Amino acid sequence: MTDDEETRWFRADVRGLRPGQDATQTPHWGSRYVYVTSNLEVARAFAAQRGNRSIYEVELAGFIYDDPDYPPECGAGCAMCDWATVVRLIEEEVDMTLDDAWKLMSRYLVWSDLSRMYDDDGYATASPEMRAIGRGADELRQLGRYPMPEVVRKLVREICAH
């Protein structure tokens, strides 16, 4: 991934950071990277999902990588970098419900073949592995609307194992 100088990068991070400070890394997720997005609405959704976060515009430094959870083709504008510096505060308190955050992010979650993980109504779609063995999305319907991706993946593994 390359950093176009015109791209504005955003990050949902702990409250109280000031311009010039380093954005925090995400070690509790088992990562040493700083996760960023060029999509302000995606940053807002991340802030709502994680709670007690502000949105900052950041300047990226070090190597910049594609985010494996949100590949470039999905449109979320997500990336990872070695570190980032706060340029300015964009939004101190994000006014987005958790439900709205999941609805927004479901548009960007994709399977390994880049097909969408959720349909427009929020139901999980069949994974490529399911489709390869003739199984359909109807078997995931029991999860309801906008189930957590981890829950979807777990059921997919169970379906494919039988």
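The values are calculated or read from the model by the stated rules, or taken from the named source; none is laboratory data. Quantities reported herein were computed from a predicted structural model and do not represent experimental measurements. Cβ coordinates were reconstructed from backbone atoms using ideal geometry, including for glycine residues, and neighbour counts include every protein chain displayed.
Some values worked out for this structure:
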read-out	value
Residues within region 59-87 that are under 16 Å from Asn39 (Cα atoms), in contact with a strand residue (DSSP E or B) (Cβ under 8 Å, 6 or more places away or on another chain) and either charged (D, E, K, R) or not in a strand (DSSP E or B) (or both), tallied	11
Any hit, region 15-30, residues being at pLDDT 95 or above and either under 25 Å from Gly144 (Cα atoms) or assigned by TED's automatic domain parsing to the domain that holds Ala132 (or both)	no
Breaking point among (1) in contact with an Asp or Glu (Cβ under 8 Å, 6 or more places away or on another chain); (2) closer than 24 Å to Ala47 by Cβ; (3) part of a loop (DSSP other than H, G, I, E, B); (4) not charged (D, E, K, R), for Leu104	(3)
Residue among Val151, Val156 that alone is β-branched (Val, Ile, Thr) and under 30 Å from Val14 (Cα atoms)	Val151
Condition met for Tyr56 (of a type in the set (Phe, Trp, Tyr), assigned to a loop (DSSP other than H, G, I, E, B), surrounded by 13 or more Cβ atoms within 10 Å (Cβ to Cβ) and touching a residue at least 40 places away in the same chain (Cβ under 8 Å))	no
Selection from region 11-23 of residues that are part of a strand (DSSP E or B) and farther than 11 Å from Val86 by Cβ	Ala12
Top-ranked residue in region 107-139 [being in contact with a helix residue (DSSP H, G or I) (Cβ under 6 Å, 6 or more places away or on another chain) and assigned to a strand (DSSP E or B); ranked as surrounded by the fewest Cβ atoms within 10 Å (Cβ to Cβ)]	Val110
Candidate set: region 140-154, residues that are surrounded by 18 or more Cβ atoms within 10 Å (Cβ to Cβ) and among the hydrophobic types (A, V, I, L, M, F, W, C); chosen: the one farthest from Tyr70 (Cα to Cα)	Leu140
Pro147 over 26 Å from Gln21 (Cα atoms), without any contact (Cβ under 8 Å) to a residue 12 or more places away in the chain and outside any strand (DSSP E or B)	no
Asp95 being free of Cβ contacts under 8 Å to residues at least 40 places away in the same chain and under 22 Å from Val152 (Cα atoms)	no
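Table: residues versus (1) out of contact with any Leu (no Cβ under 6 Å at 6 or more places or on another chain); (2) surrounded by 16 or more Cβ atoms within 10 Å (Cβ to Cβ); (3) at positive phi.
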site: Asp13; (1), (2), (3): yes, yes, no
site: Pro68; (1), (2), (3): yes, no, no
site: Pro72; (1), (2), (3): yes, no, no
site: Gly77; (1), (2), (3): yes, yes, yes
site: Ala84; (1), (2), (3): no, yes, no
